[in-house]
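Reviewing the structure listed below.
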Amino acid sequence: MNKNFKYLLFVFLSWTCLSQAQNEGDFIFFESRLQTLANKILTANSDSLKDEANKLLIEDVEEILLLNGSFHYNFENVDNISILSAPDKKFKLFNWVVPKEDGSFEYYAYLQFYKKRKKELYFFKLSDISSLVEDEQYKVFINGDWYGALYSDVIHTKFESKDYYTFLGWDGNNKSTTKRIVDILHFDENEEPVFGAPIIKMNDGTRYRMILEYSKKTSTNMAYNQDDDYIIFDHLEPLEGAKKGMYEFYIPSLSYDGLTFKNGKWRLVEDIPAFNNKNQDGKQAKIIQRGLNAQ
């Protein structure tokens, strides 16, 4: 190896290490910013202060999504925002909630993608239209529209060359009820996101997403058990004397139901064994929910 080559190699390696260190410093800075702004959104005592912090958070997230290296960075020091990577690394999700003074909730989400061949980053901004739709369990959303929720996990399944990404979500909804959500993401022929697919088989028919609504006065669990390949959730029943559909009176019955993926569909299985694995429910979503409960 001649001296000139050794020198050029040294310069290249030094420049690479410096560049990586600078990039790492950028991510540490942005992690701190995201954590601070998201915390303000959860704890501020007025909608105007929350909206101000959220505007800055949106600007920062959109900058991060195009920052070289962000797709592979794990953002482990951010726990007030749900940041999930698809199991097959197809996309990364940035997702958070803005609680409002009237008891409602606004949800924000971005899907980030990385083109390996071109080494390019791009993203889709999702628009929460949950307050504008009816029969939401039987609808398909396109063009960036989305049934807003705070996601704790994403599951990748495949059937006949079609990829499905199943999200487990939480929605604070309003002052009376809370919701647990199972939603399906897939991609059309142009590789654009589509939310909702007729692959959830329940006792009353096929749904495009599953929504469980229950009393604000109680809590529930929903998690994916990878070992047994089940999405497990509390079985809900109305209190004695309450009519069917009066969800402010629905509570857990102390039994569990589940969904298992068979022959291209998530299929309901009733009364399955209880689960106690504390790691099953998403850490970030639990932290965010504790912040909301502390308001």
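The values are calculated or read from the model by the stated rules, or taken from the named source; none is laboratory data. The shown structure was predicted, so the numbers you read here are calculated from the model rather than taken from an experiment. Positions of Cβ are backbone-derived with ideal geometry, glycine not excepted, and every protein chain shown enters the neighbour counts. We work out accessible area using only protein heavy atoms, side chains counted, and drop any ligands, DNA or RNA first. Shrake-Rupley method; radii C 1.70, N 1.55, O 1.52, S 1.80 Å.
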## Note on the structure
Heads up, region 124-252 by the C-alpha gyration tensor (a ≥ b ≥ c square roots of eigenvalues; a/c under 1.5 rounded, else a/b over b/c prolate, else oblate) looks prolate
### Summary
Rounded to whole Å², per residue accessible area for region 134-221 with a 1.4 Å probe reads 42 Å²
### Summary
Any lysines whose Cα falls less than 29 Å from that of Lys40, other than same-chain ones fewer than 8 residues away, would be Lys50, Lys55, Lys92, Lys100, Lys125, Lys175, Lys179, Lys216, Lys217, Lys278, Lys283, Lys286
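Rounded if a/c is under 1.5, else prolate if a/b beats b/c, else oblate: with a ≥ b ≥ c from the C-alpha gyration tensor eigenvalues square-rooted, which is region 116-185? Before the final figure, lay out each step's value.
Numbers: a/c = 1.95, a/b = 1.64, b/c = 1.19.
The shape class here is prolate.
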### Message
Using the basic label-point model (7 angstrom from Cα toward the beta carbon), what is the Glu52 to Gln35 distance in nanometres?
### Response
2.3 nm
### Query
Which peptide among 48-57, 67-76, 208-217 comes first, and what is the full order, when sorted by highest mean count of other Cβ atoms within 10 Å?
208-217, 48-57, 67-76
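Order of 131-141, 182-192 by packing, highest average Cβ count within 10 Å first? Can you show the working numbers first?
Working: 131-141: 13.0, 182-192: 15.1.
Packing proxy ranking, top to bottom: 182-192, 131-141.
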### Message
Starting from 0.36 nm per residue, how many nanometres of slack lie between Ser131 and Arg267 once their C-alpha separation is accounted for?
### Response
46.2 nm
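Rounded if a/c is under 1.5, else prolate if a/b is larger than b/c, else oblate: which is region 31-189, with a ≥ b ≥ c the root eigenvalues of its Cα gyration tensor? Before the final figure, lay out the partial values.
Values: a/c = 1.98, a/b = 1.15, b/c = 1.72.
Verdict is oblate for region 31-189.
Expressed as a rounded percentage, what relative contact order does region 62-220 have, with Cα pairs under 8 Å and six or more residues apart? Show your work: numbers first, answer last.
Details: 324 pairs, mean separation 26.7, N = 159.
After rounding, I find 17 percent.
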## Note on the structure
The extension gain from Lys217 to Lys162, computed as 0.36 nm times the residue separation minus the Cα-Cα distance, is 15.8 nm
